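Heads up: the structure comes next, in C-alpha cells.
The values are calculated or read from the model by the stated rules, or taken from the named source; none is laboratory data. Owing to the predicted nature of the structure, the values given are computational and were not obtained by experimental measurement. Glycine gets a Cβ as well: all are built from the backbone with ideal geometry, and neighbour counts include every protein chain shown.
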Amino acid sequence: MCHDMDGDGYADLIGFSDNGVMIAYSNGSTFEPSKTVFRGFGFNIGNWSSFEKYPRCVGNFRSPGGLSSIVGFGSAGVYMSHFINRDQFSDSQLVLESFGFIAGGKLIQTIIKGFFWIRMEVF
C-alpha cells in the first residue's frame, strides 16, 4: 500500500508481514529501507492469518491530529491503531464490534473487499 504515514507530503510504502506492520518511508526520490514499526496486525503477532480473511488498510481516520491510522477487520470487528511517530503506533483497539469475519460473516468480507477495490479504482 502507498500512503503518507508521517505527514511529510511523500507517499510511503506500507506492508503487513508475519511480525507486524512494515514501512519504507519516502523522501520524495527514494525510499528508506523497510522496517517493522508496529508489532501488530501480522500473522505471528495477533493471528492476522491472511489479507483475504482479515483485510487491513491505512488512511487519515482520526481528527484533529490528521495523522494516519491502520484499520484492520479482525474476527471480532474493526481494530484501529494510530500513528504517533516514525517508530511508534498506539496499541490497537477494537473500535466497532461488527464488520469482522466472525462478527459480520463472509458477506461483510465481500462488501469490504468490493469497497477497497472501488476506492482503489476511483482514487
Query - Evaluation of residue 67 against (1) closer than 16 Å to residue 23 by Cα; (2) exposed (fewer than 13 other Cβ atoms within 10 Å of the Cβ); (3) modelled with pLDDT under 85 (one fails), failing number - result: (2)
Requested in this report: Inspect segment 15-22 for any residue being among the aromatic types (Phe, Trp, Tyr) and touching a strand residue (DSSP E or B) at 6+ places or on another chain (Cβ under 6 Å) and give the result as yes or no.
Outcome: yes
**Report entry** Residue list for segment 12-36, filter: surrounded by fewer than 14 Cβ atoms within 10 Å (Cβ to Cβ) and part of a loop (DSSP other than H, G, I, E, B)
**Finding:** 18, 27, 28, 29, 30, 32, 33
**Report entry** Candidates 114, 72 - the one that is among the small types (Gly, Ala, Ser) and modelled with pLDDT of 85 or more
**Finding:** 72
Query raised in the report: Which one is farthest from the chain's Cα centre (by Cα), of the residues in segment 37-89 that are outside any strand (DSSP E or B) and of a type in the set (Phe, Trp, Tyr)?
Result: 43
Report summary line: Matching residues in segment 9-49 (at pLDDT below 90 and acidic (Asp, Glu)) number 1
